[in-house]
1. In this structure, is Lys72 surrounded by fewer than 14 Cβ atoms within 10 Å (Cβ to Cβ), touching a Phe, Trp or Tyr at 6+ places or on another chain (Cβ under 9 Å), among the basic types (Lys, Arg) and closer than 18 Å to Ser9 by Cβ?
2. Any residue at all in the stretch 11-30 that is surrounded by fewer than 15 Cβ atoms within 10 Å (Cβ to Cβ), modelled with pLDDT of 90 or more, on the phi > 0 side of the Ramachandran plot and of a type in the set (Asp, Glu)?
3. Which of the numbered conditions does Ile37 fail, given that it passes all the others? Conditions: (1) more than 16 Å from Cys12 (Cβ to Cβ); (2) under 11 Å from the mean Cα position of the chain (by Cα).
4. One residue is enough: does the stretch 46-61 have a residue meeting the conditions among the basic types (Lys, Arg) and buried (at least 17 other Cβ atoms within 10 Å of the Cβ)?
5. Restricting the search to the stretch 60-77, which residues are under 15 Å from Asn31 (Cα atoms) and free of Cβ contacts under 8 Å to residues at least 12 places away in the same chain?
6. Which of (1) over 21 Å from Lys82 (Cβ atoms); (2) in contact with a strand residue (DSSP E or B) (Cβ under 6 Å, 6 or more places away or on another chain) does Ile27 not meet, given it meets every other one?
7. Return the pair list, or none, for Cβ contacts closer than 9 Å from residues in the stretch 42-55 that are assigned to a loop (DSSP other than H, G, I, E, B) to residues that are of a type in the set (Ser, Thr, Tyr), at least 6 apart or on different chains.
8. Filter the stretch 26-41 for residues that are touching a residue at least 24 places away in the same chain (Cβ under 8 Å) and not basic (Lys, Arg) and give the result.
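The values are calculated or read from the model by the stated rules, or taken from the named source; none is laboratory data. Just so it is clear, the structure is predicted and the values come from calculations on it, not from any experiment. Backbone-built Cβ (ideal geometry, glycine too); neighbour counts: all protein chains shown.
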Amino acid sequence: MFKGIRHNSFVCLDDVSECVEDMNYVIYNPNIEGVEIRKNRLYEKIKWRFGVELTEEQLDHLTSYGALDLEKFVQELQQIIKK
């Protein structure tokens, strides 16, 4: 939740919302599980929290980010949510 500082290799809801979340789920971890599981988790949690349904194209793009690109992942996801 500290903008510009990333010491972990995963993204939680509060990284995207930039506020304290009651249920701060991990929404993206590129280091574990298969791509389909990561897509499903990301889709479900973003729909649940923000009411935004990510397209298959958006999911493909977002889940292509690795652990070293998570700041960019968060920025792009925030832009999608704000639209």
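1. yes
2. yes
3. (2)
4. No: the stretch 46-61 contains no residue that is among the basic types (Lys, Arg) and buried (at least 17 other Cβ atoms within 10 Å of the Cβ).
5. Ser64, Leu68, Asp69 - these are the residues of the stretch 60-77 that are under 15 Å from Asn31 (Cα atoms) and free of Cβ contacts under 8 Å to residues at least 12 places away in the same chain.
6. (1)
7. Listed pairs, sorted by first residue: Glu53/Tyr43; Leu54/Tyr43.
8. Hits for the stretch 26-41 are Tyr28, Pro30, Asn31, Val35.
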